[in-house]
Structures are given as C-alpha cells and as structure tokens.
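Working notes for the structure below.
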Amino acid sequence: MKKLHLFILCILFITVGLTASDYAPAVRIPTEPGEELYVGLGEGTAGENGWVVSDFTIHVISPADALVNGQPLRDGRFTVSSDGRHSIELQPGPFGQRNTVTQFINIDKTAPVVEWITEQNGSVSGWTALSAEISDETSGLCSVESSFDHGLHWEMHNLAPMTPDGVVISHETTWSIHEDFRGSPQGGQGAQVVLLRARDCAGNVSPGEILVIRVE
C-alpha cells in the first residue's frame, strides 16, 4: 500500500483557504491574527474511502511550545494509534488558543470478523444456503468474497453499506450464499470446501474462513 505524506503550511494571519488530502478531510483556520503554526509530515498508510490503515503521526515544525488537544507535544510529534474517527486540535502555544487548526483523521487497522453459522461437516443436497455472521466495528462492511476452489478464484458480493454522503450503515450482517452444490462446476457428492472473507470500507480484508460440507 502506498505511503501517505501530508504537508500542511498554516499561517494564522488572515483568512486562508486550504485544501486538505483525503486523510485530513476538514481543516478549520480562524481569522484571528497571531502566531504562526507550521505543520508538516503527517504520515500513515493510505487505505480506501478516506481511511488510514496504520498509526498516523502529525509533525509540528514550529513553534516549539505548540499544543495538541491542549497538551504539549513530545519532540514535535503526535501519533494517533486507536481505530476510529479522531478530531485533532493544534494550537500555536499557550497564548494562541484562539488560533486553532482542527484536523480529522479516520483510522481502521482491523479487518472484519467472519464466523460461519452453517455447521461444519454438515450434510447438504441440491440448492442450499450457507450462512455466516460478518462484522466490522469501525469503517463498516463493503463486500464479501466466496471461493469454491480453495482460494484460486474469488467471487465478490457488494454489500453497498454507505449512503450517498459516505455514512456507513452496515457494521454487521448475516450473509448467505445460495448454491447448487450438485449442479455447479465444483459440485458433486462428497466433501466440499467453501472459503468466505470480508472487506471493510477502509480496505482491510479478513482471512478466508473455511467451511467443510458434505454433499449428498
């Protein structure tokens, strides 16, 4: 995955228009004149849909007494590690509290969880629905993929979990695969292996969960 390098130069003197990257989708710069705040080298690993899939580090170049969320910085750096949507407030120093830059960072480092509901080594015949519980607590679920040839080929099933404004509406679901196990190219009697994995909206993919069934 590509590395994200975010450079922001903020001079809090007059009203400034600033275009941020997907990984800092909103920056607020008040018109209050005062000290200068230089912020650069925001670094993390870019995911999908505006999410970061690693820790994210903000580097404040100057001043040395800059504050982050009201607290002094260590070595001019601040690292966000936990999953979730984070609002980071940067201030030039103890006397520049009205000069605030707000940066929003969305982090999801955790892949979805897939758990088969269908019983292992259960018997099926003809058209059968295999079911699994799928969940993702942070960015939400975007798709699931199934494989009937031990992972050589995967079929994607979109979950369409987002509204037009990008709000995730599906953090967990019960997913079912309907398959004719006797009539499909991989069909026939005997043991068959089905793999199922899920992708969240940040781009994290779960391992393929194995289900063994017996076709009668």
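Tabulated data
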item	result
Gained length - residue 121 relative to residue 74, 0.36 nm times residue gap less alpha-carbon distance	11.4 nm
Formal net charge of residues neighbouring residue 82 (Cβ-Cβ distance under 13 Å; K, R +1; D, E -1)	-2
Difference of contour (0.36 nm per residue) and Cα-Cα distance, residue 158 to residue 176	5.2 nm
Neighbour net charge for residue 195 - beta-carbon separation under 15 angstrom, K R +1, D E -1	-4
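Every number here is computed from the coordinates shown, using simple stated rules; none is lab data. Worth saying up front: this structure is predicted, and the values here are computed from it rather than measured. In this analysis, Cβ positions are derived from the backbone assuming ideal geometry, glycine residues included, and neighbour counts consider all displayed protein chains.
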